[in-house]
Amino acid sequence: MINKNKFINNSLGLLLPISASAFAETIPLEEVEVEGKRYLNTLHLKDTNSASNRLGLKSMDIPGSVDIISKQDIALKADYSPLSAVTRSAGFAATASPGNGGTSMAVRGFNGHSSVVQTYDGTRLYVGAGTVTFPADTWTLERVEVLRGPGSVINGVGAIGATINYVPKSPQFGSVRNELDVTAGSFGLLRLAIGSGGGISDDLAYRVDAVSHKSDGDVDDADEQRSVFAGSLHWQATDNLDIKLSVDYADIDASTYWGTPLIDGKVDQRIRKNNYNIKDGIVNYEDLWPRLNAQWQINDNATLRSDSYYLMANRHWRNVESYSFNPDSGQVDRAYYLEILHDQTQLGNRSDMLFEFDTAGMANRLSVGAEVNRIDFTHKNNRSYGGTTSVDLLNPLAGKWADGVEYRTSKDFSSETMHYAIFIDEHIQINDQFSLVGGLRHDSIDFDRNDVARSNGPEHAEPYAVINDDLSGTSWRFGAVYQPQENISLYAQASKAVDSVQSILTASTPNMKLAEGKQLEVGLKQILMNDNLQYTVALFDIRKDNLLANDAFGQSSQIGEQRSKGIELEVFMRLSDTLNISMNSAFTDAEYEHYKKSSGDAIRDYSGNTPKDVPEQTANLWLDWRFIQDWAFSGGARYVGTRFVGDDNSAKLPSYTVYDASLQWHIDEDLQLTLRGKNLSDETDYVLAPYGDQWILAEGRSAELGLHYNF
């Protein structure tokens with residue numbers, strides 16, 4: 001549980017300086033007239049995207065492949081989890097499991113939280129042991145911003161594949177408005193969400209959102225429950241000083257389903273609903289994120305922005321996680337009785353100065369800043385992960401934790417990480433048609449780890465091993481945008497990102513340097529026919545080196561290389577005032593150029609192979625049709641191509657196509673009733689990720705009925 005006293009003490013210390021954040025990073029989207037066009041789902045090319053820059057640039061002005069998923073888009077498709085919402089963006093595919101918080105994704109040939117960075121309100125939680133669970137629910141979000149390709153110049157180590165920034169709802173001055181959303185559906189779904197916001201006085205506004213989400217799950221004994229709260233106060237202290245205090249909290253009791261064992265390399269549909277975990281399994285995530293943001297308009301040309309935060313994350317797993325079908329006994333052999341606990345805190349500040357001025361008649365925006373974080377991480381486990389049991393294939397008697405565990409849970413190791421960064425970001429408008437964007441960032445990480453016990457050995461009174469590592473890396477990008485007309489942008493960009501070959505907070509091998517990824521990208525964005533046709537095209541080539549691999553003598557060394565190249569296409573078409581279609585597709589060719597790994601007693605050469613969990617093709621389609629007054633139909637499909645289960649490329653996950661649809665009745669301007677169907681074809685190959693000898697399957701066909709009321 002989160003230590004409330006510790007939180008209060010640290011928070012008081014945090015509030016002493018004028019802290020604050022890039023309010024410019026939360027520049028509101030342009031207002032969109034929706035009267036008579038209630039179901040639009042555009043590419044948002046005229047809106048700002050802070051995942052890619054700190055300069056308030058609109059998507060058309062950014063030399064990169066970006067996307068914005070608005071809260072209207074999310075609500076229309078009933079994407080309650082961030083994973084579900086983001087994987088509708090071009091090129092993204094889920095690789096989620098309980099071990100990574102159910103949020104891991106692959107894009108542009110790269111997979112996992114070390115290569116796909118996720119931030120909330122511009123703030124990044126440094127990942128302990130690969131687990132990210134925040135935000136817990138999309139109800140608190142105003143929008144999701146996406147930058148595909150290297151983004152380390154914005155958020156530091158990682159982000160070779162993509163950056164995702166979740167922007168929460170924020171206070172707005174004006175009359176108080178409230179909303180209520182109630183949903184019930186298949187698998188015992190019961191969802192209640194409320195929100196309220198508006199002005200308290202001329203200089204004070206608020207926003208609060210809360211959601212309770214419960215489900216029995218698609219699998220036996222796989223119920224889940226999450227409670228989420230987000231609240232913020234915006235104080236207009238003076239005409240040129242804004243201060244915002246925000247607190248977000250999430251408590252998630254996630255499903256204890258760890259996958260379905262394979263029989264002859266396939267899922268037997270007779271066991272599709274079986275859960276082979278123990279009866280008293282636990283997958284719990286708890287997060288608390290207080291933040292203080294401020295923006296001081298010093299003069300017409302300079303703005304000070306700062307963001308201070310004290311983030312706390314707790315994780316608790318207690319499960320038996322490995323299931324293998326034994327053809328000799330006809331039973332499922334279970335192994336790895338694990339109990340793991342994480343306790344993590346992150347105290348940090350990011351501040352910058354934004355300058356706006358003219359140089360020789362050219363408009364210039366320049367951001368110069370620094371960031372500092374201290375992250376404390378404690379890991380507990382039951383060390384040997386002992387215990388094995390067998391259960392019936394068709395009717396498993398789950399048993400309890402005590403039936404198989406051999407060692408008690410105790411402290412394994414702790415780490416302290418100090419992170420420092422300086423950065424610069426600049427946009428120069430050379431003339432009406434041509435602009436340049438550049439950025440530079442240097443990160444320095446001081447990592448200290450103390451081992452109390454090895455995973456297969458007894459606990460020691462003194463540290464068993466100590467690792468003191470210093471990591472550093474420089475990221476950069478340079479891009480150009482040419483706009484021969486107002487509604488067309490041609491761009492080119494070169495960029496470099498850095499990535500850790502181990503989880504930064506849990507690294508166990510000393511003296512590892514950061515991997516480096518370099519990208520070349522060119523693209524086209526265009527708006528035609530009075531905004532009725534919008535499209536983007538991006539071609540990219542990324543090369544990543546310093547991967548951890550084995551040399552000719554079998555020694556582990558950072559000599560591995562990976563390359564990924566591909567094309568992404570997004571299209572939006574408004575066919576009439578009542579009908580529009582959006583679609584996207586991505587083709588990715590990813591392979592290891594040099595990569596050898598030990599497997600048993602041999603060294604395997606995986607050069608030329610495709611990295612695991614990376615699809616070659618993804619596609620999404622969505623249609624909105626207001627077929628009569630106050631009634632609308634929405635529906636679409638998502639497609640993910642085949643993926644390799646391992647780097648040896650000996651087995652594949654099947655491709656899948658999932659169809660969703662909804663029927664909406666707008667009873668009046670403020671009241672809406674919606675009937676939804678998800679996975680309508682009951683796709684049996686809808687596999688989120690492999691996990692050992694089992695596959696983690698997504699939910700089957702379901703139906704929901706939702707009521708939304710604004711007042």
Can you give me the long-range amide H partners of Arg383? Hydrogens built in the peptide plane at 1.01 Å from N, cutoff under 5 Å, separation of 5 or more residues or another chain. Ser410
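Please list 641-650, 586-595 highest first by mean number of surrounding beta-carbon atoms within 10 Å per residue. Could the numbers behind the result be given before it?
Working: 641-650: 16.8, 586-595: 19.8.
Ranking, from highest mean packing down: 586-595, 641-650.
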Over region 589-659, what is the mean sequence separation of C-alpha contacts under 8 Å (at least six apart), divided by residue count, expressed as relative contact order in percent? 26 percent
For the chain, state what percent of all Cα-Cα pairs lands in each successive 10 Å bin, counting from 0 Å until the bin that includes the largest distance. 3, 14, 25, 28, 20, 8, 2, 0, 0
For region 585-605 and region 381-439, compute the distance between their C-alpha centroids and round to whole Å. 22 Å
Checking the table Lys58/Lys652; Lys525/Lys652; Lys380/Lys513; Lys46/Lys77; Lys273/Lys518; Lys518/Lys596 against a 32 Å threshold on Cα-Cα, which pairs fail? Lys58/Lys652; Lys525/Lys652; Lys273/Lys518
What percent do you get for the relative contact order of region 132-249 when only Cα pairs under 8 Å and 6+ apart count? 19 percent
Any chance you could check the Cα centroid distance between region 683-711 and region 211-225 for me, in angstrom? 11 Å
Using modelled backbone amide H atoms (1.01 Å from N, in-plane), which distant-in-sequence or interchain residues come within less than 5 Å of Gln172's amide H? Gly198, Tyr206
Whole-Hz couplings from phi, Karplus 6.51/-1.76/1.60, listed for region 634-647; x for Gly and Pro: 10, x, x, 9, 10, 10, 10, x, 5, 9, 7, 6, x, 5
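For region 4-710, what is the charge dipole size about the Cα centre, in debye to the nearest 20, if Lys and Arg each add +1 at the Cβ and Asp and Glu each add -1 at the Cβ? List each step's numbers first, then the result.
Numbers: 63 positive and 96 negative charges, 117 e Å.
Dipole about the Cα centre, nearest 20: 560 debye.
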Determine the relative contact order of the chain: mean sequence separation of Cα pairs under 8 Å and six or more apart, normalised by residue count, in whole percent. 12 percent
A chain fully extended from Gln225 to Arg270 at 0.36 nm per residue, minus the present Cα-Cα distance, gains in nm 13.5 nm
Each residue of region 312-325 in turn: what ³J(HN,Hα) in whole Hz from Karplus with 6.51, -1.76, 1.60 and θ = phi - 60°, glycine and Pro shown as x? 10, 9, 10, 10, 9, 10, 8, 8, 9, 10, 10, 10, 10, 6
Counting only residues 5 or more apart in sequence or on a different chain, those whose built amide H sits under 5 Å from that of Ala129 are Leu505, Thr506
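How much length is gained on full extension from Thr657 to Lys400, taking 0.36 nm per residue of separation minus their Cα-Cα distance? Don't skip to the end; give the middle numbers.
On the way: separation 257, 0.36 × 257 = 92.52 nm, distance 3.68 nm.
Result: 88.8 nm gained on full extension.
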For peptides 492-501, 231-240, sequence by mean Cβ density within 10 Å, most packed first: 492-501, 231-240
For region 258-263, just list the computed ³J(HN,Hα) in residue order, Karplus coefficients 6.51, -1.76 and 1.60, θ = phi - 60°, integers in Hz, with x standing in for Gly and Pro. 10, x, 10, x, 8, 10
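Quick note: the coordinates plus some simple rules give every number you see, no bench work behind them. For clarity, every value in this text was computed on a predicted model and none was experimentally measured. Because the Cβ atoms are built from the backbone with ideal geometry, glycine has one as well, and the counts that use them run over all protein chains shown.
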